[in-house]
Structures are given as structure tokens and as C-alpha cells.
Amino acid sequence: MERLEFRELFEAAPDGVLVTDSEGTIVLVNQQTERMFGYRRDELVGMRIEILIPERFRPHHPTHVTGYTRSPRARPMGSGLALAGRRRDGTEFPVEISLSPIASSGGEMVAAAIRDVSDRKRVEDEARRANAYLRSAVDSIQDAFSLFDDQDRLVLVNSAFRELIGPVVGGAVVGRPFEDMLDHALELVECRGDPAHVRASWLAYHRAPAGAFELELRDGRALRIIDRATADHGTVSLIMDVTEDRSHSSELLRARKQAEAANDAKSEFLASMSHELRTPLNAVLGFAQLLQRDRKQPLSDRQQERVEHVVRGGEHLLRLIDDVLDLSRIEAGGVTISTEPVNVREVLDEVTNTLEPLAARVNVQLAVAPMQHVPTVVADRTRLAQILMNFGSNAIKYNRPGGHVTFRITRDDAMVRVSIADTGIGIPVDKRARIFEPFNRAGQESGPIEGTGIGLAITKRLAELMEGSVGFVSEAGRGSTFWVEVPIDSASGLARAAGKPAVSSSPLATMESRRKVVYVEDNPSNIAFMRELVEDIPGIDLITAPSAEIGLDVIRAHQPALVIMDINLPGISGFDAVRQLKDSSETRAIPVIALSAAALAKDTTRAREAGFDRYLTKPVRVDELTAVLEELLT
Ligand code: ADP
């Protein structure tokens, strides 16, 4: 060390270097040692080496020193142990030390190179901690997780993966190639077809993963595998058990099927119930109307009043049946809306004409606010009219004597709105939220105004089916404004000028000769009703037949001007009978009216298809039947 270059080298060494004699007394230190331990050189030289060791290691250290000097060789100190240095201020720091013996003139000496590894330790600790976090995160994934490197070898798995695959693989899994795992995993899989095919598709999915890959296991479980490529050309794979999800969705499917079946049964029940109710109601309403119109033995005022009650009650019941049927059909999705360009003004005029007598009876004034250019809308004409009728009749019903109802048409870019403002009782605030729910009468249930609480529910559903909407504003005691909006027909510009069709009236009474009408019906009270009805109409000879078989003979023999046919007959049905009539050149030209208690839309369609010229439902409305007779006979 006398030579200058050695001295400089010694001082410039990045490690702390010190030399002790064979007893462990420090004889030489470099600058780095001073810096590392915080002592000056003169404070160290001559001291025992233990000064640089934490106190707890000091008692045993001299033994290590003598141990080393007995068999000296260059080696790292305390290999595998965490060594620590002690600074002058008592703080400790991790070190690595390598020892080498030096033979010198002064006897055996030991050189120790000491490196402060605090920074490296910290980085290592951090990496270890991060790794531990990662592993525990991966392990907490409930699905089986695995990570493959760019060589497709397993580098990381979690315990769910080990549980799933471990038993079939046996031994360590990490390090194994994917295809190796695949072969083992296939032992678990239920292969309905060719196992080689399953293997090939799984492998293909793993190589180019998109979406998910599903498998059924021998033990009945179902697995979904989701693989994704990582940025460094590896693959992560998640295997999840979807057995329960599957059984849930099949349960849901089953439940839905059951619900649909129940709903169909409900619709059928409602249809047949309505049929059963309509038949007796037919007799009740029919005879009551005949009593009212009986010119030979007119009723007394008292009797008229009582019969009026019967008719009103019957009509209410009929409305209820119709509404329930209508709503249940809409809810079962059985109502198809057929939209077309519709002139709103025309529909509104028809509705107000129909409502006029109703309004007049309770002394309510109807008015339509003027509007010039009403655009054509896209709507189902009949259903739009039904909505306006519902709103309009409510506006009259829930009005007051001397009140007003004003219809107004307004528009924006996309929609036409028809609003119906009344000066009636209004709707209390707490009743407004649920007013469009079926059977909700918003406090009117115990009041004197008749209703079923279904009208608004139907109205809302119908508007929605037409891509429209409904709404209202109301002030209790002052009145309400209900509105419906339907989309403007963008294809056709402005509405055509509204022209009302001319109504031709040609009463039966002016018929020159008598006409034969054959009525095919098995129910005696219906026959009696029809007899009495036509008795009041001059010029008609009624011939009745109790079954379709007899009816067909009678019709061929008499060649009547018109046939009225019940549908549900004891032998062949009304449908079959009308088909036979329309198939034969002898009878094809004779108009046939169907008279049935079945009121579903599909019945009407079926009747038209079968060849009926008109389809009327029971209970017969006398005015309606008379009008049809007039039309077909004159
Ligand atoms: P209802 O057969 O009872 O008239 P709706 O469904 O048509 O059934 O109406 C539900 C309820 O909403 C009615 O019972 C009534 O209380 C209230 N309502 C409807 N329209 C009006 C209106 N224009 N003014 C006040 N109340 C109304």
C-alpha cells in the first residue's frame, strides 16, 4: 500500500474495504468505510472489528474471527445469512461482506470488502411484496385462473385451478406446456362426439381466443372458458363453473313457458266466459229492447222506467265484458295494430258526432277548436277513434251540467296531439299517479257515475302500440285535459280536405215485395227474440231452422234474400254451413250474416275467411241488426 497507485485504488473502491490482523483488530480502512459507518479513520484503526457489528452479534464474533484465521480462504461471509453493519450513531444497515486472507510481513491479515445493500434490499422487498399481492389477488379469484407464457407454458395458477386440474395432472403444474394440460383436462370432459374434435376446437380457441368456449363435464357440471392474449404474447385463461347459471336459465325458460301457457289459458277462459255471458245477456237485452219498442202493447211509463234499468244494467255488463276481453287481449299481445295514413280531423269529427247525443243528454257542450293544416298521422284508425271515444266519453261523464268539452288538435315536428279539455270534477292529486292502471277508478268506485276503470288502461296500451303516448293535466274541481299523441306521417304532406261520406238511408218499409230471411239457430229464446224483432219490421218473412243441416235444405228450397246464421250449432258448425253455401252456385249470391257470442278479433277474421258477409256479436243490438238488414235487403 506504499505505492501511490494502490493507495488511490484502495481509496476509490466503491465498497468499504478494511484490513484486520488475525485477532480482529482493525489496521486499515478506506474512505468508503468511513463514509459508510460514520467514523473517522483514526477512530477505527486500532479498534476491534466488533465496533462495526450490531451489539447482539458481538459476543460470538471473536469465535468467527479465530475460526476464519484457522482456515483462511476468500469467501463471502455468513453465506445465506442477513448481515448487518452498525453505524456510529447505532443505526443498522444490511451489508454483504467478502473476506480474503492476506499474507504480509506483519503476519496473517484479513481483508473485508463491505457493500451497503440497503437499496437493493428495498427494491427486492418491494418486488417480493408486489408479487405477494399479485399472487393473493390471483388466488382470491374464484374461477380457475392460469397464465401461460409466450412458449405456452404455465407460469402462474391459482388454487381454484389446482383444485380443478391438479387431481388429473398429478404433480407440479407450473412449467407444463398448455397441450399437456389440455390432454389431462380432457379426461374430465364429457365428449359426446369425437374427443379429438373437442381437443382440436379447444386448442384452436386457446390459440386465437374470441368469445368463450364451453364444455360439459362427465360429472354433469358445465364450464365456460375465457382466454385472452396478453401484451407479451402469453395467454390468460379463466375457467368458470356455469352449471348453476345454466340451470337457472333453463328454470327461467321453463317458468316463462308455464307463464305463457297460463296466459293463453287465461285468454281462452276469458273468451269462453265472455261467450257464456253474452248468450244469456243476449236474451236479457234483446227482450228488454223489444218490450221498450212494443207498439201493440206499449209499456206504461212505470214499466218503461223499469225496463230502462234492465237495459242500462245489461249494457253496463256488456261493456265490462268487452273491456275485460279487450284489455286481456292487448296484454296477451293478441292485438295487432295496423297503421296507415290517417286524417285525424276526419276521425275526430266521427267521434264528436257519436258523442254529441251523449253530451246533449247531460247538457254538456262539445266543441272542436279550429285548426287549419292538420297533418296526416300514422295510426290504426279504429284504435285511434277508440282512444278519442274513451277520453271524450270520460270528459262528458265526469263533467257537470252546463259544462264544456273542447277537442283541440296541435302539433310539433314529429307528433300530432289531440287534447280533450273538460270543465268537470277533475282528479284529486293523490289519485293521479295510478289512473292508467286497470280497474282504477280514482275514487269514483262508490260514486254515482258508472264505469269499469278499464278504459284509460286500454287507451294507454293502444297509444303505445301505435308508437304514441297519452297523458293528462288536471285540477281538482276545475276540470281535466287528457291528450293522445301519434306520429305524423312524414310521407304524406298535409291532410286532405275532410269530406264526409254521404249516408244513404233506404228504410225497409219501402221495400216493394216481401223478403224471406232464414235464421239458423238452436237456442229457443234467441229464436223467439228474432221473431219478435222482425215482427216489427214490415216486409220480412222469417223462416227458422234449428240446425245447419236443416238450414241448408231450407235455404236451397226457399232461396231466401238473406241468411242469419248462428256459429255454434249442434251438428255441423255455422262456419262449415256458410262454406257449403258459398261453394254452390245455387246459393252463392245469398248474403249470410253470422250471429255469434264469440267476440274475439280472430273470430271476425275467421268468419270473413269462411265467407260470411257480416259478423255480428251477441247480444244483438237491435239498431245494429236493423241497419244491417236494411243494407243487405234493399
Ligand atoms: P271508468 O270506466 O271508471 O270511467 P277509466 O279508465 O276511463 O274508467 O277512468 C278511470 C278513472 O279516471 C275514472 O273512474 C275517473 O275517476 C277518472 N277520470 C277519467 N277521466 C276523467 C275526467 N275527464 N275527469 C275526471 N276524472 C276522470
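Would you call A442 without any contact (Cβ under 8 Å) to a residue 60 or more places away in the chain and farther than 15 Å from T481 by Cα? It would help to see each step written out before you state the result.
Numbers: without any contact (Cβ under 8 Å) to a residue 60 or more places away in the chain: yes; farther than 15 Å from T481 by Cα: yes.
Considered against the rule, which asks whether it is without any contact (Cβ under 8 Å) to a residue 60 or more places away in the chain and farther than 15 Å from T481 by Cα, A442 comes out as yes.
Keeping to the stretch 190-235, report how many residues are open to solvent by less than 50 Å² (accessible area, probe 1.4 Å), touching an Asp or Glu at 6+ places or on another chain (Cβ under 7 Å) and not in a helix (DSSP H, G or I).
Selection size over the stretch 190-235: 6.
Scan the stretch 362-383 and tell me whether some residue there is within 16 Å of the ligand (Cβ to nearest atom), under 39 Å from the mean Cα position of the chain (by Cα) and closer than 25 Å to T605 by Cβ.
yes
For N394, only one of the following conditions fails: (1) within 25 Å of E467 (Cβ to Cβ); (2) more than 8 Å from the ligand (Cβ to nearest atom); (3) under 38 Å from the mean Cα position of the chain (by Cα). What is its number?
For N394, the exception is condition (2).
Give all pairs with beta carbons closer than 6 Å in which a residue from the stretch 57-68 that is in contact (Cβ under 8 Å) with a residue 60 or more places away in the chain meets a residue that is loosely packed, with under 10 Cβ neighbours inside 10 Å and outside any helix (DSSP H, G or I); count only pairs at least 6 apart in sequence or on separate chains.
No pair meets every condition.
Identify, please: which residue in the stretch 402-446 is open to solvent by 60 Å² or more (accessible area, probe 1.4 Å), within 8 Å of the ligand (Cβ to nearest atom) and assigned to a loop (DSSP other than H, G, I, E, B) and is, among those, farthest from L355 (Cα to Cα)?
E445
Please indicate, with yes or no, whether at least one residue in the stretch 347-360 is of a type in the set (G, A, S) and part of a loop (DSSP other than H, G, I, E, B). Outline the logic, then answer.
Keep residues of the stretch 347-360 that are of a type in the set (G, A, S), which gives 359-360.
Okay, now just the ones that are also part of a loop (DSSP other than H, G, I, E, B), so none.
Scanning the stretch 347-360, I find no residue that is of a type in the set (G, A, S) and part of a loop (DSSP other than H, G, I, E, B), so the answer is no.
Please verify whether T452 is open to solvent by less than 40 Å² (accessible area, probe 1.4 Å), among the hydroxyl-bearing types (S, T, Y), within 10 Å of the ligand (Cβ to nearest atom) and touching a Leu at 6+ places or on another chain (Cβ under 8 Å), treating the condition exactly as stated.
Yes.
If you go through the stretch 289-310, how many residues are assigned to a helix (DSSP H, G or I), modelled with pLDDT of 90 or more and either open to solvent by less than 30 Å² (accessible area, probe 1.4 Å) or small (G, A, S) (or both)?
Residues in the stretch 289-310 being assigned to a helix (DSSP H, G or I), modelled with pLDDT of 90 or more and either open to solvent by less than 30 Å² (accessible area, probe 1.4 Å) or small (G, A, S) (or both): 1 in total.
Of the residues D139, D183, which single one is over 21 Å from V242 (Cα atoms), open to solvent by 60 Å² or more (accessible area, probe 1.4 Å) and not in a loop (DSSP other than H, G, I, E, B)? Let's see the steps before the verdict.
Values: D139 fails: over 21 Å from V242 (Cα atoms).
Checking each option against the conditions leaves just D183.
Could you check T617 against (1) crowded, with 20+ Cβ neighbours inside 10 Å; (2) modelled with pLDDT under 90; (3) farther than 30 Å from R312 by Cβ and say which number it fails?
Single failed check for T617: (3).
Conditions: (1) open to solvent by less than 10 Å² (accessible area, probe 1.4 Å); (2) closer than 26 Å to E467 by Cβ; (3) at pLDDT 95 or above. P375 meets all but one. Number of the miss?
Here P375 clears every test but (3).
Among the residues of the stretch 457-473, how many are open to solvent by less than 20 Å² (accessible area, probe 1.4 Å) and near the ligand (Cβ under 8 Å from one of its atoms)?
Matching residues across the stretch 457-473 total 3.
Can you tell me which residues in the stretch 417-446 are hydrophobic (A, V, I, L, M, F, W, C), in contact with a helix residue (DSSP H, G or I) (Cβ under 8 Å, 6 or more places away or on another chain) and at pLDDT 90 or above?
Once the filter is applied, which keeps residues that are hydrophobic (A, V, I, L, M, F, W, C), in contact with a helix residue (DSSP H, G or I) (Cβ under 8 Å, 6 or more places away or on another chain) and at pLDDT 90 or above, the stretch 417-446 yields V418, I420, A421, I435, F436.
Quick one: count up the residues across the stretch 30-49 that are more than 14 Å from R87 (Cβ to Cβ) and open to solvent by less than 30 Å² (accessible area, probe 1.4 Å).
Within the stretch 30-49, residues that are more than 14 Å from R87 (Cβ to Cβ) and open to solvent by less than 30 Å² (accessible area, probe 1.4 Å) number 2.
The values are calculated or read from the model by the stated rules, or taken from the named source; none is laboratory data. A quick note: this is a predicted structure, and the numbers were derived from the prediction, not measured. All Cβ positions, even for glycine, are placed from backbone atoms using ideal geometry, and neighbour counts span all protein chains on display. Heads up: the accessible areas ignore ligands, DNA and RNA and are worked out on the full protein's heavy atoms, side chains in. Shrake-Rupley method; radii C 1.70, N 1.55, O 1.52, S 1.80 Å.
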